[in-house]
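Have a look at the structure below, then the notes.
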Amino acid sequence: MEFDLIVIGAGPGGYTAAIKAAQLGMKTAIIEKKKSLGGTCLNVGCIPSKALLSSSELYHQAKHNFEVHGINAEGLSVDVSTMMKRKDGVIRKMARGIDYLIKKNNIEHFSGTGYIINSSEIEVDQGTQKKRLKTKRILIATGSNVSGLPFLDYDGKTVLSSDHAIALDQAPDSMIVIGGGAIGLELGSVWARLGTKVDVIESLPRVAAIFDEAVTQPLQKLLQKQGIKFHLNTSVESAEKTTAGIKLTASKENNKIELEAEKVLIAVGRKPNTDNLGATEIQIELDERGHIGIDADWQTNIPGIYAIGDVVGGPMLAHKAEQEAIAAVERMAGKAGQVNYNTIPWVIYTSPEVAAVGLTELEAKDKGFEVSTGIFPFQANGRAVAGAHSEGLAKIISNKKTDRVLGVQILSANASELIAEAVLLMEFEGSTEDLARTIHAHPTMSEGLREAAHVTLGEPLHL
Ligand code: NAI
């Protein structure tokens, strides 16, 4: 038997590709080495972290913010093991959903490690046996794995990766987080809310540096208010285990600092998974950072072998992988699949959340645009004030000549949901005037974005 497509890896990229291929009439198989489908995102990434962020946010709200509403939460306590059980239940529920979709679409699922022999043959190592599968095409969707620091080996007890930090059985007294990006700020927030003293070390001059400074500066201040301490422009140089945990030596603007904690979480980025795949053996070309090289059809240098998601370049985001999956499979089927890389939303699920699409003000200027910008603070938004979550702002960056929106940045409660409107606006190449003239329900947080459009046009109403 020969498959039309075999997908290696069942993360959001891989399983979406398999479903799409089956729906387009291809005889499809998917190979996954882990027991549970869903990849990093479902098993140790996006979903478990959001489960813990939701739980810890409720606790934090009850402890610090209920009082203003007249609610007394005296005697409040937290049981981390119940929190972890709920998180594991969320993963199981969503994994069952993927199993169901794989079966429903008649996709053959092989449990084991896929090794590419050539463009039409894959060997699946299932532990007790090895199976050879024949196929017309292969799609590599093997994702990424945590990168580390050369002088600090993960041990899962004191030196943690994100995989470990979503599975602690109690809140540590103290934790140093190396890296002030998405994982550092999200998991740092989880443990800080649960009572851990968190120190974030970031080598750059600001946290979440892919976002506009207009949102990262207030974000950092708000996280500081929640108890997180930041050490910017700081690079860790060495580490030493102690009886109490770990001692790190770092350099900060020519000074040496020492930090000690019970645990350290390393969150300095991820690297593509290309080991034990057969990719190098059959000379699939990798770029200088180890990502698989692809053309406009997501095809590698070897005809018939394709790659999508974290294993290729670009943002390591589940939604980017999903969109590539659909487009790549559509191209295989002779359709005109596309990914608009200019409108990929970015979100960090801190409290408040930070979300963005398109260019920051600085990036737009660097690209030579003459820009108009407008900022609207949620302090002047009725819904935000009524809900007692009025921190944050919405910022629009537009082309001064054409009024076309180039980028949007939001720091607010539910920014992850609010950004969708900006993504759609940019997908339709909309202008700030389009947004300003679009009716938004009152009172809603989404009015804040509309107000930012008014500000950008120089016609503020509520400022
Ligand atoms: P990241 O790239 O988001 O952040 C890493 C941070 O560590 C950067 O700010 C970087 O400047 C800093 N850094 C690097 N080396 C350092 C060092 N030696 N000392 C101090 N700081 C250092 O990577 P992160 O947070 O590990 O996340 C990995 C990937 O997963 C990212 O691509 C991210 O987009 C994705 N992710 C996305 C999430 C989301 O969309 N909400 C959540 C979690 C992860």
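The values are calculated or read from the model by the stated rules, or taken from the named source; none is laboratory data. The shown structure was predicted, so the numbers you read here are calculated from the model rather than taken from an experiment. Note that we place each Cβ from the backbone using ideal geometry, even for glycine, and neighbour counts take in every protein chain shown. What goes into the accessible areas is simple: the full protein's heavy atoms, side chains included, and nothing from ligands, DNA or RNA. Shrake-Rupley method; radii C 1.70, N 1.55, O 1.52, S 1.80 Å.
Suppose accessible area is computed on protein heavy atoms with a 1.4 Å probe; arrange 164, 60 from highest to lowest.
If we order 164, 60 from most to least accessible, we get 164, 60.
Would you please classify the overall shape of the chain from the alpha carbon gyration tensor, given that a ≥ b ≥ c denote the square roots of the eigenvalues, rounded means a/c under 1.5, and beyond that prolate means a/b larger than b/c while oblate covers the rest?
Cα axes put the chain in the oblate bin.
Considering the dipole of the chain built from charges on the beta carbon (Lys and Arg +1, Asp and Glu -1) around the Cα centre, which of 90, 407, 339 is farthest to its positive end?
90
For a quick protection proxy, order the peptides 184-190, 117-123, 35-41 by their average other-Cβ count within 10 Å, most packed first.
Result, highest mean Cβ count within 10 Å first: 184-190, 35-41, 117-123.
Of 371, 381, 442, whose Cα points farthest to the positive end of the dipole of segment 352-456 (charges on the beta-carbon: +1 Lys, Arg; -1 Asp, Glu; origin at the Cα centre)?
Of the options given, the answer is 371.
Restricting to DSSP H runs of at least four residues, report the calculated mean residue ellipticity at 222 nm for the chain, -39500 (n - 2.57) per run over all residues, nearest 500 deg cm²/dmol.
Dividing the helical sum by the residues of the chain leaves -9500 deg cm²/dmol.
Per the 1.4 Å probe, what fraction of the accessible area of the chain, in percent, lies on carbon and sulfur atoms?
Carbon plus sulfur share of accessible area: 49 percent.
Output the pairs from 225/247; 136/335; 197/263; 225/271; 221/271 with a Cα-Cα distance over 21 Å in this structure; if there are none, say none.
From 225/247; 136/335; 197/263; 225/271; 221/271, over 21 Å: 225/247; 225/271; 221/271.
Shape of segment 95-222 from its Cα gyration tensor (a ≥ b ≥ c, root eigenvalues): rounded if a/c is under 1.5, otherwise prolate when a/b > b/c, or oblate?
Verdict is prolate for segment 95-222.
Mind checking the dipole of the chain: about its Cα centre, +1 per Lys or Arg Cβ, -1 per Asp or Glu Cβ, Debye to the nearest 20?
1060 debye
Which whole-number percentage describes the relative contact order of the chain, with Cα contacts under 8 Å and a sequence gap of 6 or more?
14 percent
What accessible area per residue comes out for the chain, rounded to a whole number of Å², with a 1.4 Å probe?
The answer is 47 Å² per residue.
Please report the accessible area of residue 370 (heavy atoms, 1.4 Å probe, ligands and nucleic acids excluded) in Å², nearest 10.
Accessible area of residue 370: about 100 Å².
Quick one: if you stick a label point 7 Å off each Cα along the C-beta vector at residue 111 and residue 66, how many nm between them?
4.3 nm
Among 188, 208, 46, flag the residue with its Cα farthest along the positive direction of the charge dipole of the chain, charges on Cβ as +1 for Lys/Arg and -1 for Asp/Glu.
The residue sitting farthest along the positive end of the dipole is 46.
So how exposed is residue 1, as accessible area in Å² (1.4 Å probe, rounded to 10)?
150 Å²
What shape does segment 148-281 have by the C-alpha gyration tensor, where a ≥ b ≥ c are the square roots of the eigenvalues, rounded means a/c under 1.5, and otherwise prolate means a/b greater than b/c and oblate the rest?
Rounded, since a/c falls under 1.5.
How much accessible surface area, in Å² rounded to 10, belongs to the heavy atoms of residue 130 with a 1.4 Å probe?
Using a 1.4 Å probe on the heavy atoms, I get roughly 130 Å².
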